[in-house]
Number of protein chains: 2
Amino acid sequence: MVGANLRKLLIGKPLETEALPHQAVSKPVGLALFASDALSSTAYATEEILIILALAGLGKSVLGISIPIAIATSILLIIVTISYRQTIYAYPNGGGAYIVARDNLGEIPAQIAGSALLTDYILTVAVSITAGVAQITSGFPILLPYRVYLAVGIIVLMTVVNLRGVKESGRIFSVPTYFFLSMMFLTLGVGIFRALSGNLPSVTEVDALEVSVAQPLTLFLILRAFSSGSTALTGIEAISNGITAFKKPSSHNAAVTLVWLSSMLILLFLGITFLANQIGALPSETETIISQIGRTVYGENSILYLLTLVGTSLILLMAANTSFADFPRLAALEARDGFLPRQLTFRGSRLVFSWGIVVLALFSSVLVILADARTTRLIPLYAIGVFLSFTLSQSGMAIRFRKSGRLKPGEEQEGLETSLRYEPGWRYKMIISGFGAVCTGIVMIVFAVTKFTSGAWFTVLLIPSLSFLFLRVHRHYQTVAHNLSLAGVAVDVEPRGMHTIILVDDVHAETARLVNFAKSLSHDWRAVHIGIHPDKIETVRKKWQERIGEGELVVLDSPYRQLAEPLIDYINTIRSRDPDSYVHVIMGHLVMNSFWEQALHQNSAVIFNLALSHLDNVVVTNVPYQIRHLESEAHNDEAVPDSASEGEDAPEAVSEDDAVIVDAD
Amino acid sequence: MVGANLRKLLIGKPLETEALPHQAVSKPVGLALFASDALSSTAYATEEILIILALAGLGKSVLGISIPIAIATSILLIIVTISYRQTIYAYPNGGGAYIVARDNLGEIPAQIAGSALLTDYILTVAVSITAGVAQITSGFPILLPYRVYLAVGIIVLMTVVNLRGVKESGRIFSVPTYFFLSMMFLTLGVGIFRALSGNLPSVTEVDALEVSVAQPLTLFLILRAFSSGSTALTGIEAISNGITAFKKPSSHNAAVTLVWLSSMLILLFLGITFLANQIGALPSETETIISQIGRTVYGENSILYLLTLVGTSLILLMAANTSFADFPRLAALEARDGFLPRQLTFRGSRLVFSWGIVVLALFSSVLVILADARTTRLIPLYAIGVFLSFTLSQSGMAIRFRKSGRLKPGEEQEGLETSLRYEPGWRYKMIISGFGAVCTGIVMIVFAVTKFTSGAWFTVLLIPSLSFLFLRVHRHYQTVAHNLSLAGVAVDVEPRGMHTIILVDDVHAETARLVNFAKSLSHDWRAVHIGIHPDKIETVRKKWQERIGEGELVVLDSPYRQLAEPLIDYINTIRSRDPDSYVHVIMGHLVMNSFWEQALHQNSAVIFNLALSHLDNVVVTNVPYQIRHLESEAHNDEAVPDSASEGEDAPEAVSEDDAVIVDAD
């Protein structure tokens, strides 16, 4: 009861299935809804580039390489944006990597894309929240020692909020996105103005990372820094998943929003990287680059500096929250296709996919704890999945366009999700998607190679393992479907014979109920007692005669004190004699009012049910017998029969449910 | 399968109930069997006295107080011995404190004695094993950092051995006891001889406990040291529990053995305390007093020194092992009386009380870990329970003797365990038991007061809490007995009406099986579908018509996606119309080959069973449907119907067991 009330307080009252929202959003609101994941990565992408470059020293010439790296990343972003615009038009109902791969590449690539995306959603939560906490602790260094608690606490809070179900009210969600954008563009504007007018100071008092022995600035190191920076692209695919949320014409609106998003992302990323170099920002374990920029541009005690940090933290938490919608949705999609446990398709009382939310929270918390809430430790695991899904999605699109070229204009071919039509200019589109796939594929390989030893190995092993697991799950569901299929099978519903057995542990009120039920079924029946203790066998025989006085009582000896085995032997004897009949086992089950009371009774019913469920044509009936509290008498010892005072009857009655009572000495 | 084989390897093959041992032992073997607990306490009792005295300084005059304390403890031991001899004669079938208190003082004192003893058995394991490990690490200081692992490892090993069941082969058990006794008396003999002849050196190189500020030597401190020393008495009651193990006349033999035991205990305790003072032994965190004595008497590299440590470790481990027999036996006794969960009376496949062994191992491991495997930290918790049980047992005996005085010679009065007879000299015996009770009672109070803040508070709170819990458990079993009692109730086995409901989630092979079973029962039946998704309702209706084509299909709407609630409402409607009939709910249950496969299916059967079990006269039948692996086809993708390729049939078939499948988007 307390549990139910607490649940209601935290999660809220149940919602009807009809209440699923169908609400279209405008472009600005759509941008706010889907942009947070992509935009938020600018909060750490520059920093991660600098952290790698710093291995070669903290000099301006070394850290300055971050600017060409940022430009290269931006070019990559432009390629992916152009390619994804095509996907948005081709898949007006939503074209995530999983769906595109499933439609165009087949089962195995789809599962690889799916496991890559699921892995990355988990990492998005871990990375965004630790990065968000880093912004907070930059402003309030006193909180630094508690960052793991802070991060996990935020995940827990987010889990509760999402189990309640977030009404995707675009307007409220717009607030942090536009607040972040305003603060960042203000900071960049003021900063660049001050830099151009020559009065932007360098940053001071930074507790910079210490590099004991500087490594040479090799191409490998630069590529490694570039991989770190390419995390800026994560989240760019969000719009292609959510096309249906846009107002009509939704594909067009989504495509326009994607271009807006990419442009702002490039502006922010380049701006932050440029300013970081201007003020001589240094990677540090205790202060983020955003904080260093804000502090230098506005001054340490300025309210604007604080608001910049607040905006950055908010967008990062928003980004994590996006995964709380995406992960359960994709997991449910895969589960519906039979590659993940069916339970993931279950919408809880608040219409959200509860299991997916809980699984996501669990795994991301583990990652945060293992990484000690340090973003830099998580980055090598991150983004491989995203780039793998980019590559698969774009390869799928390239193949799709090639197929489309084989159709005549106006001709249509049925597909799994979206039917294939002739695309005008398919050759050109195919080349764009193919080029995008090659670019992201190369980045993925660069990422995996340069970050392999610092953590990427984990993701490289995890994604194929997960894919294999998903395919195994699918194989299982196929087996079940094959077993259950009635296709081409004549349904046999002719009545069969029935052997009814009552399982008797002792003779008391519950036993009388069993006999009564068996008689009400109007079939022949027989009572069976598993004889463990010779004394008890005699008592049961005697009481059966006295109190029931009808029907046959069979005693099965069990010298090894086993419960199920003698019964199974007995049933098998019946089945071998009459294989076409059902064996119907009727047993009692004492029902208590609470878990603790139930725990005081050895639930032999569970043992029997488990053991008998593997026998074909053996059906088990549980007749519950409810134990009521002795209300008025409960407070009066005299009225309660005491096992020590009521002579012969009570002590046995006390032990009824406990199949095995052996003398204690 | 692996689990079963591992289990067999570790625990052994099952034993027949008949195999319970009935073997009588001689006095010397009986001494070995029951002495280890008591004798082993000499390994730490002196040391614990010194540790407390050391708080007032390490001078000879202060530590020398240990000698009068040891003498006082010995006197107490003599009193208890004389008193317990009487118990042995009065309870020839075994007179543990629980039985004596239950017979003579009533239910509540018996539960207090019982919980005191159970608590102390757990502490005996923890204290003996940590003390044994301390002996080992005294000889091999390199093992000191691993003492917690060592101690827990030994508990695990002991658990496995005891789950196998130790054949109480007295002869093998005699070896460590007599080995310990030989080594100790040799050490004491050589030591005292060397001391008297004036060539026993003082101990050197002891890493003594550091006392920063010496406390004054108050009476309180001396009493505290005395309480620590009184742990030497623990285990003395073992013989009174095990009288039946002795050869006839068993009471006489047990009583003689008790006197032997006490004499040896006093000799050892006084001898060790005397020698410790002679060599100027100092309490230390890294070396036991026994080790210091052995090293000084024999020299550091003597094999005899090492054998002394080995003997002491062995007797301590033996003492712990005694609790592995006593705890489960007492727990089973209390469970048989209905004060502990019935499961504790269950003898496992090897005839031992498996649950008791596991519970003991668990709690003692927790204590060892919490105390960081330091005996001194456990001592304040220990012995209160023993002294409480001494006090209750002897009070019970005093009352028994008084009652006996009211009978005529030869007259007999029925008792719970042992009938009461006239005792010649009952006044004298009553005074002895009463005096013993007063002495042990005072020691218990001294113990509780002087050690309260250093840990005794825990035991002081624990014992009444446990007693209360035991009484609550008893109340529960009484309630059940009252509910089940057929005493004075006419057994009603007249057949009643029957409403049969088949629960249908989807229409496939399992559904056909359900219908077939219902028809075989030859009662009217009706199919019920919980309608969660409108599309699915239509599909189920259509498939029902096509494939089953008979019987009525009722659809219960469930807008909140609940499973049990709409069904319960429907059943309640039937029950209100026809309250005297049974409602028989038949549902399917897919049975997989492994736990992991089962986990892939949402087991709605569990939800229904749980929810329906609380409804009176509602009976649930589970018809299992076994899923077989597709043997030949499993390796051939073509033969397996693919959910993505078989058109209309397969996708639904896949989802049969999963009551709630909602579209994922």
For this session: Output the residue which, of all residues in the stretch A:533-592 that are assigned to a helix (DSSP H, G or I) and small (Gly, Ala, Ser), is farthest from the chain's Cα centre (by Cα).
Result: A:576
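Can you name the residue in the stretch A:450-496 that is among the small types (Gly, Ala, Ser) and in the same structural domain as residue A:338 (by TED's automatic domain parsing) and is also farthest from residue A:378 (Cα to Cα) among such residues? Write out each step before concluding.
Residues of the stretch A:450-496 among the small types (Gly, Ala, Ser): A:454-456, A:465, A:467, A:481, A:485, A:487-488, A:490.
Then keep just the ones that are in the same structural domain as residue A:338 (by TED's automatic domain parsing); that gives A:454-456, A:465, A:467.
On the way: A:454: 10, A:455: 8, A:456: 9, A:465: 20, A:467: 22 Å.
Only one residue tops the list, namely A:467.
Looking only at the stretch A:349-356, decide whether some residue is more than 16 Å from the chain's Cα centre (by Cα) and not in a loop (DSSP other than H, G, I, E, B).
The answer is no; no qualifying residue exists.
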Exercise. Which residues, counting only those in the stretch A:438-484, are more than 14 Å from every other protein chain (Cβ to nearest Cβ) and not hydrophobic (A, V, I, L, M, F, W, C)?
Worked result: A:440, A:441, A:450, A:451, A:453, A:454, A:455, A:459, A:464, A:465, A:467
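Listed residues B:312, B:296, B:322; which is within 21 Å of residue B:41 (Cα to Cα) and either at pLDDT 90 or above or surrounded by fewer than 21 Cβ atoms within 10 Å (Cβ to Cβ) (or both)? Show your work before the answer.
Values: B:296 fails: within 21 Å of residue B:41 (Cα to Cα); B:322 fails: either at pLDDT 90 or above or surrounded by fewer than 21 Cβ atoms within 10 Å (Cβ to Cβ) (or both).
Exactly one residue qualifies, and that residue is B:312.
Within the stretch B:156-167, identify whether any single residue is of a type outside the set (Phe, Trp, Tyr), closer than 20 Å to residue B:291 by Cβ and not in a loop (DSSP other than H, G, I, E, B), and answer yes or no.
Here is the first cut: in the stretch B:156-167, the ones of a type outside the set (Phe, Trp, Tyr) are B:156-167.
If we keep only those that are closer than 20 Å to residue B:291 by Cβ as well, we get none.
Checking the stretch B:156-167: not a single residue is of a type outside the set (Phe, Trp, Tyr), closer than 20 Å to residue B:291 by Cβ and not in a loop (DSSP other than H, G, I, E, B).
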Exercise. Considering the stretch B:276-319 alone, what residues qualify as being part of a helix (DSSP H, G or I) and either among the small types (Gly, Ala, Ser) or not assigned by TED's automatic domain parsing to the domain that holds residue B:210 (or both)?
Worked result: B:276, B:291, B:294, B:311, B:313, B:319
Exercise. Filter the stretch B:197-206 for residues that are farther than 10 Å from residue B:278 by Cα and surrounded by 10 or more Cβ atoms within 10 Å (Cβ to Cβ); which is farthest from the chain's Cα centre (by Cα)?
Worked result: B:204
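Are any residues in the stretch B:429-454 exposed (fewer than 12 other Cβ atoms within 10 Å of the Cβ) and more than 32 Å from the chain's Cα centre (by Cα), and if so, which ones?
Of the residues in the stretch B:429-454, the ones exposed (fewer than 12 other Cβ atoms within 10 Å of the Cβ) are B:453.
Passing the criteria: none in range.
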Problem set entry | Single match in B:327, B:339 (criterion: within 24 Å of residue B:97 (Cα to Cα), within 14 Å of another protein chain (Cβ to nearest Cβ), modelled with pLDDT of 90 or more and in a loop (DSSP other than H, G, I, E, B)) | B:339
Exercise. Does any residue of the stretch A:461-479 turn out to be of a type in the set (D, E, K, R), within 27 Å of the chain's Cα centre (by Cα) and surrounded by 19 or more Cβ atoms within 10 Å (Cβ to Cβ)?
Worked result: no
Exercise. So which of B:578, B:569 ends up being closer than 18 Å to residue B:528 by Cα and among the charged types (D, E, K, R)?
Worked result: B:569
For this session: Please enumerate the residues belonging to the stretch B:435-456 that are assigned to a helix (DSSP H, G or I) and not β-branched (Val, Ile, Thr).
Result: B:435, B:436, B:437, B:439, B:441, B:444, B:447, B:448, B:452, B:454, B:455, B:456
For this session: Please verify whether the stretch B:282-292 includes one or more residues that are touching a strand residue (DSSP E or B) at 6+ places or on another chain (Cβ under 6 Å) and either closer than 20 Å to residue B:45 by Cβ or surrounded by fewer than 24 Cβ atoms within 10 Å (Cβ to Cβ) (or both).
Result: yes
Exercise. If we scan the stretch B:396-415, do we find a residue that is in contact with a helix residue (DSSP H, G or I) (Cβ under 7 Å, 6 or more places away or on another chain), surrounded by 15 or more Cβ atoms within 10 Å (Cβ to Cβ), of a type in the set (Ser, Thr, Tyr) and within 16 Å of residue B:124 (Cβ to Cβ)?
Worked result: no
Problem set entry | Residue that is modelled with the lowest pLDDT, among those in the stretch B:86-144 that are in a loop (DSSP other than H, G, I, E, B) and under 26 Å from residue B:435 (Cα atoms) | B:95
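Quick check on residue B:273: is it part of a helix (DSSP H, G or I) and modelled with pLDDT under 85? So that I can check it myself, show each step before the final result.
On the way: part of a helix (DSSP H, G or I): yes; modelled with pLDDT under 85: no.
No: the conditions fail for residue B:273.
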Seminar exercise, completed: By residue number, the members of the stretch B:513-540 that are more than 18 Å from residue B:625 (Cα to Cα) and β-branched (Val, Ile, Thr) are B:528, B:530, B:532, B:537, B:539, B:540
Problem set entry | the stretch B:470-520, residues that are assigned to a helix (DSSP H, G or I) and without any contact (Cβ under 8 Å) to a residue 12 or more places away in the chain | B:472, B:475, B:476, B:479, B:480, B:481, B:482, B:483, B:484, B:516, B:519, B:520
Exercise. What do you reckon, is residue B:58 surrounded by fewer than 21 Cβ atoms within 10 Å (Cβ to Cβ) and in the same structural domain as residue B:267 (by TED's automatic domain parsing)?
Worked result: yes
Exercise. Counting only residues that are at pLDDT below 80 and either facing chain B (nearest Cβ under 7 Å) or closer than 23 Å to residue B:336 by Cα (or both), which one in the stretch A:621-636 is surrounded by the most Cβ atoms within 10 Å (Cβ to Cβ)?
Worked result: A:630
For this session: Answer yes if at least one residue in the stretch A:534-553 is more than 21 Å from residue A:515 (Cβ to Cβ) and crowded, with 17+ Cβ neighbours inside 10 Å, and no otherwise.
Result: no
Exercise. What pairs come up if the first residue lies in the stretch A:531-542 and is within 13 Å of chain B (Cβ to nearest Cβ), the second is hydroxyl-bearing (Ser, Thr, Tyr), and their beta carbons are under 8 Å apart, counting only those six or more places apart or on different chains?
Worked result: A:531/A:558; A:532/A:558; A:532/B:17; A:533/B:17
For this session: Taking the residues in the stretch B:582-620 that are among the small types (Gly, Ala, Ser) and facing another protein chain (nearest Cβ under 8 Å) as candidates, determine which candidate is farthest from residue A:345 (Cα to Cα).
Result: B:613
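The values are calculated or read from the model by the stated rules, or taken from the named source; none is laboratory data. All of these numbers come straight from a predicted model, not from anything done at the bench. Neighbour counts are summed over all protein chains in view; Cβ atoms, including those assigned to glycine, are modelled from backbone coordinates with ideal geometry.
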